[in-house]
Structures are given as C-alpha cells and as structure tokens.
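The structure appears below as structure tokens.
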C-alpha cells in the first residue's frame, strides 16, 4: 500500500565542543525533517550542543529524539565496544536522560529513542541485548517510540513487549537481501536522482533493490538521511520535493493518525 504520510529523521548535534562534522548544516536540515535524532554525548554532542539542538528542534516543530551511542568519540560511535548488557543499557539510560532533561527545560518531550551506529547494529542482531534495552524503555519511557530496522531483533521484541516502535528506511544506505542495511563507517556523495527514485519506489511500491540486485519488500514509517552524508542538504531537498509532488506528507510520527501503529502493535497487518 502506498504511503500518504511519512516521517523524515536526521542525526543532529553531532559535534563536540568547538568541533563539528565538516559540511553539516543542522539549521538548514532541521527545516526539511520532522524528527531529529540528537546526539547524546557519547559518540558526539556535549551539554551546550544538546541544548542548542533541542531549542532548534522546538523552534522548527520537529520531534525530539535521543540518539545514544557507544562511548566512542574518536570512532564516532561506529566501532563496536564490548560490554555486558546491563552496562551498555545503563549507558543508554544516561544519554537518554540527558536529552530528556534539556527537552523538559525548554518545554519539549522526547518523542523517540534511536540508537546510533554500531550500537544500533548490535541491538538489531543481539536478541538478549535488545530485550534488555526494550525492558528498560518499558520502565523509563513507555510512550516513546524506538526507531529501528524492521528486520531486527529490536523491532520484534518491541512489538512483543508493547513498546511503540517505528521502522526506518535508509535513503543513504544500501540493503542486504534480509532487509538489513549495509553498515558503513563513511560514505561518498550520492547521485540525488537515484536516491530519490529509491525513496519514491519504497514509499509507493514497498520495494527496495538490494546491493546484489534483488528486489525485496520493505515496510517503514520513517525515512532516515544522515547529516554527515556528503551533500545531505541537497539530498534532503530533493527527497522533500519529490514526496510533496507525490502527495506524501512529511510529519513527525507523534502526529501520525495512530491507527496504523495500533493495528501493528496488535499484530494486525497494516
């Protein structure tokens, strides 16, 4: 079934102190998205930057998301760090709490939690870790969405335990035949037209072509574009324009007509 509305999220606030990712422009990106994944301090972000990014999201009526990662500033959270589940979940609690308090300070709320980078990928593949993460969310943020891949342990367990969950489609990542994304520590500039065609096909037909040339079904509620993808501003502008031309509204998941999410949580195909 073709989508009539979709969320667009982008990773935000991914600097530290006086340093920021080369070429990123959070102010411009924020005008073209509906949900912001705000770096929470471990892979990027610091108190002043979290504060500024939260205020920028509120000013643009963009949903606030906490974006916790491994404690890996040098590797930008894209290197796996070993630890037991309790230790790693506590790292997530710490980071989500930081973003939530800055949001509360400015009259906002945390709409969602989206793990970052290697942490996201480890949760997707590790059932015990995902269960510990979702158990924590059921206690500390039972109304917040978890953003994850549909083809992941995280999605399956969130549905099982009744946590609101949003499936992501990655505009700027390749796909494997099992529906998981091809993890990359860095990417080159994309051809915008090709990416737009990929996004529109996913929205209108529910299909994506994998990196080995196969077509697979894909279901999602949110489109992700990384702010550190070269040319991210121009890429997002092209995607935003194409969605509008095809009568697909861009709205935060918190503003969706919730029936589709409720149906899915009850196990009814939507």
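One table, with the values for the structure above:
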| item | result |
| --- | --- |
| For residue 77: the one exception among (1) surrounded by 20 or more Cβ atoms within 10 Å (Cβ to Cβ); (2) more than 26 Å from residue 34 (Cβ to Cβ); (3) modelled with pLDDT under 90 | (2) |
| The stretch 121-133: number of residues that are closer than 23 Å to residue 14 by Cβ, surrounded by fewer than 24 Cβ atoms within 10 Å (Cβ to Cβ) and touching a helix residue (DSSP H, G or I) at 6+ places or on another chain (Cβ under 9 Å) | 2 |
| Single condition residue 162 does not satisfy, out of (1) in contact with a strand residue (DSSP E or B) (Cβ under 8 Å, 6 or more places away or on another chain); (2) at pLDDT 95 or above | (1) |
| All positions within the stretch 1-25 that are in contact with a strand residue (DSSP E or B) (Cβ under 9 Å, 6 or more places away or on another chain), over 20 Å from residue 221 (Cβ atoms) and not in a strand (DSSP E or B) | 13, 14, 21, 24 |
| Complete set of residues in the stretch 181-199 that are out of contact with any helix residue (DSSP H, G or I) (no Cβ under 7 Å at 6 or more places or on another chain) and either on the phi > 0 side of the Ramachandran plot or part of a loop (DSSP other than H, G, I, E, B) (or both) | 182, 184, 185, 186, 187, 188, 189, 191 |
| Matching residues in the stretch 201-222 - criterion: being outside any loop (DSSP other than H, G, I, E, B), touching a residue at least 24 places away in the same chain (Cβ under 8 Å) and touching a helix residue (DSSP H, G or I) at 6+ places or on another chain (Cβ under 6 Å) | 208 |
| Every pair of residues 6+ apart whose Cβ atoms lie under 6 Å, when the first sits in the stretch 127-148 and is more than 12 Å from residue 111 (Cα to Cα) while the second is modelled with pLDDT of 95 or more and not in a helix (DSSP H, G or I) | 134/163; 137/163; 138/163 |
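The values are calculated or read from the model by the stated rules, or taken from the named source; none is laboratory data. Note that the coordinates shown come from a computational prediction; the quantities given were computed from them, not determined experimentally. Methodologically, a virtual Cβ is constructed for each residue, glycine included, from the backbone with ideal geometry; neighbour enumeration extends over all protein chains shown.
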